[in-house]
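Enquirer: Input: one structure, supplied below.
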Amino acid sequence: MRVRAVPKGRIREIVNEDWIDRTRRLFIEGDTAWVPVRNEDVCDCEISPRLLYQGKGFFMIGDVAVIHGEKPSRNDVDEIVGFRRPRGVLWIESLHDVTRTPGTQVLWGDAGEVQHRENGYTYILDPGKVMFAQGNRNEKMRIARLIHESETAERVADMFAGIGYFTIPMAGSGARVHAMEINPVAFDYLNRNIHGNGLSSRIYSSLGDCRDLLTGIYDRIVMGHFNAISMLPSALLHVRDGSIIHLHSIGTVEEQINEQVEGAGFSALIHVHKVKKYRPHTWHMVQDVTIL
């Protein structure tokens, strides 16, 4: 794998660089972060990929291994423990549709509150109590990069802020963010993460139903909820020509978007992005809707 060596303390400074290969994950040895480099860019060296885990899929949130989908077997859990030595293994059985509160079961060790590092930012959360959108890593940084490249200081609405997984990198890239969250537990973590990352001056947080909290006109609106299409009419009351809405969905909803945009008196240019596989033959999608 082609990499550049970056001091660990400088990760946040380089997250928006164009040379980073975002299809691969960086890893850290001591005080050095080995950052993957795109094929057409200059690298410091080539290193062998670390031994890949071949068992049941999981991801790490802080020092806790988290599993979605079908409940793992005892052997699955043992393999994960042997591979990553987590503090605990947590199975997420379900998510409540509105508040995205997880239904969970600790399968090994213990869980509880963690500190999770991602793309140069620190998030405090309890993965047994609130959702963390780990699979959206590239999408979070794509939006942050768009904001970083913007010619103006954008006013952004994050309608489903959670603990700040989109809010934090957007504010860190220069936006003024209005972060809205309906779940009081997630809202508390959101405020802790805003303060902990030194972004209090760039983020205004509101607790409640985002449809009732939107104010004024936004340059960009992030709608990171699979039921976002049902709330698009509320968002369209707070846009102008040139505003961009990033609407998440399971599968594409372009036709519905066009109908609602036209009903609000606008037209739109829509670009569709695949985020990740949601289930066989079905994708988590993001529609970038530019209001015209």
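The values are calculated or read from the model by the stated rules, or taken from the named source; none is laboratory data. Quick caveat, the model's predicted, so the values are computed rather than measured. Using ideal geometry, Cβ is built from the backbone for each residue, glycine included, and neighbour counts are taken over all protein chains shown.
Enquirer: Could you grab the pairs with beta carbons closer than 7 Å, sequence gap of 6+ or different chains, first residue in the stretch 33-56 and more than 11 Å from Met1 (Cα to Cα) and assigned to a strand (DSSP E or B), second one of a type outside the set (D, E, K, R) and modelled with pLDDT of 80 or more?
Expert: Cβ pairs passing all conditions: Ala33/Val6; Ala33/Ile11.
Enquirer: Still on this structure, I have one more. What are the pairs, 6+ residues apart or on separate chains, where a residue within the stretch 261-276 that is part of a helix (DSSP H, G or I) has its Cβ under 6 Å from a residue that is at pLDDT 95 or above?
Expert: That search, which allows pairs on different chains as well, returns Val261/Ala268.
Enquirer: Hey, can you tell me all the residues within the stretch 121-154 that are closer than 23 Å to Tyr218 by Cα, in a loop (DSSP other than H, G, I, E, B) and in contact with a helix residue (DSSP H, G or I) (Cβ under 8 Å, 6 or more places away or on another chain)?
Expert: Glu154
Enquirer: Given the structure, is Ile250 over 21 Å from Ala144 (Cβ atoms), within 19 Å of the chain's Cα centre (by Cα) and surrounded by 12 or more Cβ atoms within 10 Å (Cβ to Cβ)?
Expert: yes
Enquirer: For Asn138, only one of the following conditions fails: (1) surrounded by fewer than 21 Cβ atoms within 10 Å (Cβ to Cβ); (2) polar (S, T, N, Q); (3) at pLDDT 95 or above. What is its number?
Expert: Going through (1) surrounded by fewer than 21 Cβ atoms within 10 Å (Cβ to Cβ); (2) polar (S, T, N, Q); (3) at pLDDT 95 or above one by one, Asn138 breaks only (3).
Enquirer: Could you grab me the full set of residues in the stretch 20-37 that are surrounded by 15 or more Cβ atoms within 10 Å (Cβ to Cβ) and farther than 14 Å from Glu118 by Cα?
Expert: Ile20, Asp21, Trp34, Pro36, Val37
Enquirer: Any residue in the stretch 43-59 that is aliphatic (A, V, I, L, M) and at pLDDT 85 or above?
Expert: No, that holds for no residue.
Enquirer: Please identify the pairs in which a residue from the stretch 118-131 that is of a type in the set (Ser, Thr, Tyr) has its Cβ atom under 9 Å from the Cβ atom of a residue that is in a strand (DSSP E or B), counting only partners at least 6 apart or on another chain.
Expert: Cβ pairs passing all conditions: Thr122/Gln115; Thr122/His116; Tyr123/Ile61; Tyr123/Val114; Tyr123/Gln115; Tyr123/His116; Tyr123/Arg117.
Enquirer: While we're on this one: Cβ contacts < 7 Å: first residue under 28 Å from Lys277 (Cβ atoms), restricted to the stretch 138-167; second residue part of a strand (DSSP E or B) and at pLDDT below 95, any location; separation 6+ or different chain. Result?
Expert: Between residues of the stretch 138-167 that are under 28 Å from Lys277 (Cβ atoms) and residues that are part of a strand (DSSP E or B) and at pLDDT below 95, the close pairs are Glu139/Val275.
Enquirer: Something else about it: Report, by residue number, each residue of the stretch 62-83 that is surrounded by 14 or more Cβ atoms within 10 Å (Cβ to Cβ) and charged (D, E, K, R).
Expert: If the condition is that a residue be surrounded by 14 or more Cβ atoms within 10 Å (Cβ to Cβ) and charged (D, E, K, R), then Asp63, Asp76, Asp78, Glu79 are the ones that fit.
Enquirer: Still on this model: Could you list, in sequence order, the residues of the stretch 241-260 that are small (Gly, Ala, Ser) and in a loop (DSSP other than H, G, I, E, B)?
Expert: The answer is Gly242, Ser243, Gly251.
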